[in-house]
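Encoded as structure tokens, the structure appears first; notes follow it.
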Amino acid sequence: MFHANKHETIRIISFSRKPISLLPVLFNRFLSYIFNKWTGRGDRREQKRDALMIFRLFILLIGFGLAVSGGISMIAYLNMITAGYGAREYLLFISKKMECYLLPGGLALIWISIYFPQKKE
């Protein structure tokens with residue numbers, strides 16, 4: 001019988017080297033950074049690491065906002081298909097609209113914020 005610990009189970013489910021959710025880690029680092037700054041605790045290396053995680057959280061949230069607005073624009077333009085246009089005309093039309101490029105740009109920012117390489121401690 002196969003017994004796996006919690007981390008191996010997550011690794012099997014996610015098919016990647018990273019945990020499934022990075023958001024709790026980012027939020028924890030954000031809170032520890034604020035606490036260490038407020039109380040004056042923590043060494044310089046911890047503060048630098050926490051500041052990097054806050055930056056990554058910021059990039060993740062910006063990417064999420066861009067992806068949502070781009071996805072909503074693409075869904076709104078799907079009404080062209082019900083007006084009689086085909087899929088080819090739809091794809092040509094959205095390729096000319098700047099707001100539809102927000103979806104791939106936002107997804108790229110999300111991907112970069114999660115999988116951006118960092119130094120191992």
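Read-outs throughout are calculated quantities, based only on the coordinates presented, and are distinct from any laboratory measurement. Please read all numbers here as calculations on a predicted model, not as lab measurements. Don't worry about glycine lacking a Cβ; one is built from the backbone with ideal geometry, like all the others, and counts go over all protein chains shown.
What shape does segment 22-115 take by its C-alpha gyration tensor, where a ≥ b ≥ c are the square roots of the eigenvalues and a/c under 1.5 counts as rounded, a/b above b/c as prolate, and the rest as oblate?
Working: a/c = 5.19, a/b = 4.12, b/c = 1.26.
Note, shape of segment 22-115 comes out prolate.
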message: Only four residue types carry charge here, +1 at the Cβ of Lys and Arg and -1 at the Cβ of Asp and Glu. Report the dipole size of segment 22-115 about the Cα centre in Debye, rounded to the nearest 20.
response: 400
task: Could you tell me whether segment 60-121 comes out rounded, prolate or oblate from its Cα gyration tensor? Rule is a ≥ b ≥ c as square roots of the eigenvalues, rounded for a/c under 1.5, then prolate if a/b exceeds b/c, otherwise oblate.
output: prolate
